[in-house]
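Asker: First the structure, which I've put down as structure tokens, then a few questions once you've had a look.
Where a number appears in this text, it was derived from the coordinates with a stated rule and is not lab data. Everything numeric here is computed off the predicted structure, so don't read it as measured data. Cβ atoms come from the backbone with ideal geometry, glycine included; neighbour counts cover every protein chain shown.
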Amino acid sequence: MKTKDLKPVATNPDANGFPGPWPPAGPPDPEEVSVCKAFLGRCERTKIPRVGSYGLKHIIERWAGKYVSNGACIQAALDLGLVVRPYGPGNPNARLGVSRRSVLGVATEGPRHAA
């Protein structure tokens, strides 16, 4: 795997995720991004992104006890330098470079964040 493959390849999600044929939603809420960063920062990074942003958003919501947008989840991953791969044109979701096992582990630990 080349070094360039370890870096995020996607940028600029809105609150819904990546742009598509729907109206833009505006930027992700900074508080939601902070909650997602608190969760993702505790997960093990992977070189190959396999965890879907939309499913992960729901896991983070249960963990934090509050709503977070798909775009906030993606933006947090980008801010943390995780590998982010959009599913493709017309799809707001992305695969994120965190281990599934660590996601489940963090989810069972309960929230520990300032937001």
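Asker: Taking every pair of Cα atoms in the stretch 36-99, average 1/r, invert it to obtain the Kirkwood radius, and report Rg/Rh to two decimals. If you can, show how the numbers build up before the last one.
Answerer: Working: Rg = 10.6 Å, Rh = 11.4 Å.
That ratio equals 0.93.
Asker: If you place +1 on the Cβ of every Lys and Arg, -1 on the Cβ of every Asp and Glu, and leave all else neutral, what size is the dipole of the chain about its Cα centre, to the nearest 20 Debye? Working shown, then result.
Answerer: Numbers: 16 positive and 9 negative charges, 123 e Å.
For this selection, approximately 580 debye.
Asker: Which one, S69, P13, C43, is farthest towards the positive end of the dipole of the chain when Lys and Arg carry +1 and Asp and Glu -1 on their Cβ?
Answerer: Working it through, the farthest residue towards the positive pole turns out to be C43.
Asker: Still on this structure: For E31 and H58, FRET efficiency with R0 = 25 Å and r from the beta-carbon atoms, rounded to 0.05?
Answerer: On the way: r = 18 Å, r/R0 = 0.71.
With R0 = 25 Å, the Cβ-Cβ based efficiency is 0.90.
Asker: How much FRET efficiency would the formula 1/(1 + (r/R0)^6) give for T108 and W22, where r is the Cβ-Cβ distance and R0 is 35 Å, rounded to 0.05?
Answerer: After rounding, the FRET efficiency stands at 0.55.
Asker: How many angstrom lie between the C-alpha centres of the stretch 29-53 and the stretch 57-108?
Answerer: 5
Asker: Here is a follow-up. Just to be sure I understand the curve: with the Debye formula and one point per C-alpha of the chain, what is log10 I(q)/I(0) at q = 0.11, 0.14 Å⁻¹?
Answerer: With no solvent term, the Cα-only Debye profile gives -0.30, -0.49.
Asker: Now for a separate question. With 10 angstrom as the radius, rank V35, V83 by how many other C-beta atoms surround their C-beta, starting from the fewest.
Answerer: Numbers: V35 26, V83 23.
The most exposed by this proxy come first: V83, V35.
Asker: Going by how many other beta carbons lie within 10 Å of each one, how would you line up E32, E44, E61, fewest first?
Answerer: The most exposed by this proxy come first: E44, E61, E32.
Asker: Which residues' amide hydrogens lie under 5 Å from the amide hydrogen of A25, considering only partners 5 or more residues apart or on another chain, with H built in the peptide plane?
Answerer: Here the answer is A15, N16, since their amide H atoms fall under 5 Å of that of A25.
Asker: Follow-up. Rank these for me by crowding, W63, W22, going from fewest to most other beta carbons within 10 Å.
Answerer: Sorted ascending by nearby Cβ count, the order is W22, W63.
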